[in-house]
Every structure is written in structure tokens, then in C-alpha cells.
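One structure is given here, and the rest of the page talks about it.
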Amino acid sequence: MEQTTNPCNTEQETTANLYQGKATMEKITSLAKRRGFVFQSSEIYGGQNGAWDYGPLGIELKNRISQTWWKEMTQLNDDIVGLDASILMHPRTWEASGHVENFTDPLVDCKKCKTRFRADQIPEENLSAKKCPECGGELTDTRKFNLMFKTNIGPAEDSASVIYLRPETAQGIYVNYKNIIQSNRMKLPFGIAQIGKAFRNEIVTKNFIFRTCEFEQMEMQYFVKPGTDEEWFNEWRKRRWAFYEKLGVKMDHLRWHQHGKDELAHYAKDAYDIEYLFPMGWRELEGIHNRSDYDLGRHTKYSGKDLNYIDQDNASERYLPFIIETSAGLTRTLLMLLCDAYDEELVPSEKEGAAEEARTVLRFHPSIAPVTVAVLPLMKKDGLAELAQDIRTGLKEDFATDYDQSGAIGRRYRRQDEAGTPFCITIDYESKENGTVTLRFRDSMEQIRVNRTLLTDCLLKEIRGYKRIK
Ligand code: GAP
């Protein structure tokens with residue numbers, strides 16, 4: 001289970017050094033709203049705490065991340081198949097999984113200012129003196145608070161109709177593992193991947209979309225023979241690290257954190273987090289867990305069903321597989337990528353009299369950028385707009401495109417820089433004459449002339465060979 005304490009003493013120093021004062025959570029939140037990545041949920045009613053809405057660029061980015069993860073898991077691994085299980089599951093699932101009993105946070109309230117705290121996040125001296133860290137008022141005793149959202153199914157609101165919104169997608173995989181072995185003739189070791197919503201009644205939901213009550217997870221459960229679990233655990237740690245390298249993330253912003261004995265979730269034999277250096281410090285991005293045979297053992301006990309794997313290659317030996325889990329937050333990865341891509345720099349100004357001007361740019365890897373290519377006619381008149389639309393139509397089948405014909409070209413480039421669009425194509429009078437266009441690169445702002453017939457190949461080559469320069 002996700003931890004919120006931070007083991008890094010020099011955290012503030014490191015954060016300041018690596019961000020050089022550029023990305024702050026305020027700037028990211030404001031850009032996300034301004035450009036239509038993320039909006040506060042139900043904003044016209046004052047907002048809903050812990051819930052966010054993904055706008056036109058946000059949903060494109062989210063889709064791009066989930067497609068990249070899905071491809072990485074299923075398309076590139078012959079032994080991993082997908083699943084989309086329901087959010088509502090039989091309530092016994094959560095008794096078996098240990099969530100009813102163990103999925104709790106310690107909670108205290110201030111009797112005076114009514115602020116609610118996680119007891120493990122306030123200084124020890126305040127907790128022992130029962131003194132509010134905000135106003136000095138008296139704190140209540142610590143009580144356990146279960147993070148699962150409860151609701152009722154059917155018309156009656158009694159204990160028999162209680163049902164939970166899943167707090168992790170993993171359990172949908174465990175209860176289906178036998179179905180998948182039978183339907184798809186899977187042999188150990190094999191994995192099941194799933195992306196979907198999860199819900200947690202989080203007490204503290206600050207830092208934008210970092211920790212929310214409704215979020216999405218990308219989880220893969222890899223079923224292995226007991227005794228080979230440690231080897232596979234190490235292998236999946238390597239593969240998950242390589243995934244972020246492939247995404248073009250700043251690797252000095254990533255580190256490992258192994259869970260100490262007191263941090264391990266109730267199901268875990270061993271666990272490592274991949275932490276990312278967010279503007280507020282090092283925080284968990286993804287967990288890789290050796291869940292042993294805990295989950296399948298508990299589901300065997302609670303359901304009464306035999307969940308043993310029958311090893312046809314080994315004299316029909318029967319055993320409960322061990323599970324290696326890789327569990328990443330999709331919405332948290334989106335936040336990480338916004339922070340990672342964010343940059344501000346001074347560039348030569350196109351305005352008369354000004355030597356330099358500031359630009360904000362999102363340096364997304366082109367394969368995950370919400371818009372891959374924007375088509376911009378230099379002028380609306382003289383048939384340039386029509387030519388630009390025609391060129392855009394030719395690119396739509398292969399790329400996510402945008403079209404913008406309003407305002408000075410420099411301002412349009414800035415808008416695309418802020419949206420993270422890696423390529424802009426400008427159509428001018430020369431384009432009408434000889435069919436060439438200007439291709440502008442977001443990161444270097446370099447411009448080259450390309451014949452329109454070569455654009456698709458040229459862009460595909462640039463995307464494949466992309467190397468981040470800053
Ligand atoms: N199945 C294991 C599991 O759920 P976890 O460490 O509690 O493990 C996995 O969660 C990932 O889900 C975290 O690393 C984080 O990226 C994401 N996550 C967890 N709680 C979240 C929340 N309240 N809001 C956003 N993302 C969250």
C-alpha cells in the first residue's frame with residue numbers, strides 16, 4: 001500500500017537544485033487548467049475535493065500513457081494478457097484481500113480548528129502531547145479510518161447490501177486468474193494486465209492530482225512458481241525502470257525506495273517503489289511488490305474454491321503461484337510527465353525592440369504528446385488556409401493533429417510549445433509554389449524545409465529517433 005512518509009532528509013535541497021525554480025505545483029496546476037489538461041471537478045459548485053476532470057489535452061495525454069503501458073505489457077510480452085474487471089465486486093473479495101481489516105489510515109482531529117490529520121504525518125511531539133500543529137488546540141485520540149468507499153447495491157440500505165468501490169484493480173485479476181488459465185491455456189509464468197479506476201477515501205488530497213479519491217491504476221500481476229519469485233521480482237524491477245527510460249523521463253529524477261519491515265503492506269513479502277522527484281519532493285510513482293501466495297491463499301480460504309495451479313509439465317504438481325505485482329498510477333504518471341516535461345527558458349524575441357522573451361514549453365516525448373503535429377497557415381488568405389487544411393487531412397490518419405490560423409505565427413508557436421506539441425508545420429507562399437513547408441521542432445526551435453509528400457515519413461523518423469535535449 002502506498003506510503004506517504006518521506007525518507008529523504010535533503011529533500012528540499014535536492015528538489016530546488018534539480019528544478020532550478022522552474023516547475024512548481026502552482027505553475028503546473030495553472031498551466032493544466034489554462035491549456036485544458038485538467039480541471040477541478042464540479043468547479044461551478046465550488047469544486048469537489050479529491051476529484052478532477054481531464055480536458056481535451058488531458059484525456060489525449062492519459063490515453064497516450066495508457067496505450068504505451070498496454071503495449072509494453074501485452075503487445076511486447078507473449079506471456080501477458082489483458083483483463084477489464086468490474087469496479088463493483090462481491091464484498092467477500094475485500095474481506096479475503098485483507099482490505100476490510102487492514103486498509104486503514106490513523107486519523108486525528110483538532111477539537112478547536114476542526115482540521116483533520118493523518119496521525120503518521122504530524123510531528124511525534126504533537127501527537128504525544130495531543131497538540132494541533134496548526135492552532136495548538138487539543139487533538140482527539142487516534143482512530144483507524146478505512147479508506148474504502150462504501151455504498152449499497154439494490155433498494156435496501158442495510159448491512160446485507162453493502163458493497164465497495166474497489167481500492168485497487170488487482171483483486172479483479174486474482175479472482176479471474178483461473179478463468180484466464182482455462183480460457184487462454186496460460187502456463188506459468190504468465191501475467192495479467194489491467195487498467196482501470198480505483199477509489200480511496202483519502203484524508204489528505206493536496207498537491208493537485210497526486211493523491212485523489214478517484215484515480216486510475218495500471219497494474220500487472222505476474223504469476224510464477226514459488227521459489228522463482230525473487231528472480232522474477234528483480235526482473236520486473238528492471239523492466240519497469242526501463243519503461244521510464246523509454247518514456248524519455250529525466251532519469252536523475254527517479255530513484256528506488258525499498259520498503260522497510262514497518263512499511264510493508266499486509267500482503268507484501270518485499271516491495272520497492274519507484275519514486276519521482278516531484279516539485280514537492282520525492283514521492284512514490286509506482287510500486288513493485290512480491291505478494292507471495294497471500295492473495296490466492298486468502299481467496300481459496302474465503303471462496304472455498306481450489307485455486308491451485310496444475311503444472312502439466314511437472315507430473316501434474318499442484319501449488320498456489322506467487323504473484324509479482326507492478327502497480328503504477330495512471331493519473332499520477334500523468335502528473336509526473338507534466339512536471340518532467342515542464343520547462344521555462346529565454347529565447348530570441350520575435351517582437352521588435354526586444355532581445356529575448358520567456359517561453360514555457362512542455363518537452364513531452366513525441367510519442368506521448370497530446371498533439372503530435374500542428375498545422376499553421378502563415379496567412380488565412382490567398383488559399384493558404386485551404387492548403388494547410390489539405391495537408392492536415394493527409395496527416396490525420398497517422399498523427400494527432402491540430403490546426404491554428406489565428407494570431408501572429410510567433411504567438412501560435414508559443415501556444416503549441418505550452419501544449420507540448422513537438423512539431424509545427426507552417427504553410428507559406430512558397431508552399432503554394434513548390435509544395436514545400438516549414439517543419440519546426442519544439443525543443444530546438446530549429447526550422448527546416450520539407451516537401452509535403454515526405455512529411456509522414458519524416459515525422460515518423462523523428463518520433464522514433466527522438467532524443468531529449470534538455
Ligand atoms: N495493488 C497495489 C496497490 O494498489 P499502492 O502502492 O497502494 O499499491 C499503487 O498503489 C499506485 O497507485 C501508487 O504507486 C500510485 O501511483 C497510485 N495511487 C495510489 N493511491 C493513489 C491516490 N489516492 N491517488 C492517485 N494515485 C494513487
Test: residue in the range 253-275 that is part of a helix (DSSP H, G or I) and at negative phi: yes
When residues of the range 1-57 are limited to those that are at pLDDT 95 or above, assigned to a helix (DSSP H, G or I) and touching a Gly at 6+ places or on another chain (Cβ under 6 Å), the one surrounded by the most Cβ atoms within 10 Å (Cβ to Cβ): Leu57
Residue count for the range 217-257, restricted to those that are at pLDDT below 95 and within 11 Å of the ligand (Cβ to nearest atom): 0
Residue satisfying all of: in the range 461-470; surrounded by 13 or more Cβ atoms within 10 Å (Cβ to Cβ) and not in a loop (DSSP other than H, G, I, E, B); nearest to the chain's Cα centre (by Cα) among these: Ile463
Residue identified as under 21 Å from the mean Cα position of the chain (by Cα), modelled with pLDDT of 95 or more, within 13 Å of the ligand (Cβ to nearest atom) and crowded, with 21+ Cβ neighbours inside 10 Å among Glu214, Glu286: Glu286
Residue tally, condition of a type outside the set (Val, Ile, Thr), more than 16 Å from the ligand (Cβ to nearest atom) and surrounded by 13 or more Cβ atoms within 10 Å (Cβ to Cβ), over the range 151-177: 2
Identity of the residue in the range 356-396, more than 26 Å from Asn63 (Cα to Cα) and assigned to a strand (DSSP E or B), that ends up modelled with the highest pLDDT: Pro377
Scope the range 402-440; condition over 11 Å from Val373 (Cβ atoms) and under 30 Å from the mean Cα position of the chain (by Cα); matching residues: Asp404, Arg412, Tyr413, Arg414, Arg415, Asp417, Glu418, Ala419, Gly420
Residue under evaluation Arg291, criteria (1) assigned to a helix (DSSP H, G or I); (2) within 21 Å of Gly196 (Cβ to Cβ); (3) not hydroxyl-bearing (Ser, Thr, Tyr), criterion not met: (1)
Residues of the range 195-211 that turn out to be within 8 Å of the ligand (Cβ to nearest atom) and over 12 Å from the mean Cα position of the chain (by Cα), as a count: 4
Condition met for Lys301 (in contact with a His (Cβ under 8 Å, 6 or more places away or on another chain) and surrounded by fewer than 15 Cβ atoms within 10 Å (Cβ to Cβ)): no
Residue ID - farthest from the ligand (Cβ to nearest atom), chosen from residues in the range 258-283 that are of a type in the set (A, V, I, L, M, F, W, C) and at pLDDT 95 or above: Leu277
So Glu325, is it surrounded by 23 or more Cβ atoms within 10 Å (Cβ to Cβ), among the acidic types (Asp, Glu) and modelled with pLDDT of 95 or more: yes
Output for the range 429-444, where each listed residue is charged (D, E, K, R) and surrounded by 19 or more Cβ atoms within 10 Å (Cβ to Cβ): Arg440, Arg442
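The values are calculated or read from the model by the stated rules, or taken from the named source; none is laboratory data. Because the structure is predicted, anything quoted here is derived from the model rather than measured. Heads up, the Cβs are rebuilt from the backbone with ideal geometry, glycines too, and the neighbour counts pull from every protein chain shown.
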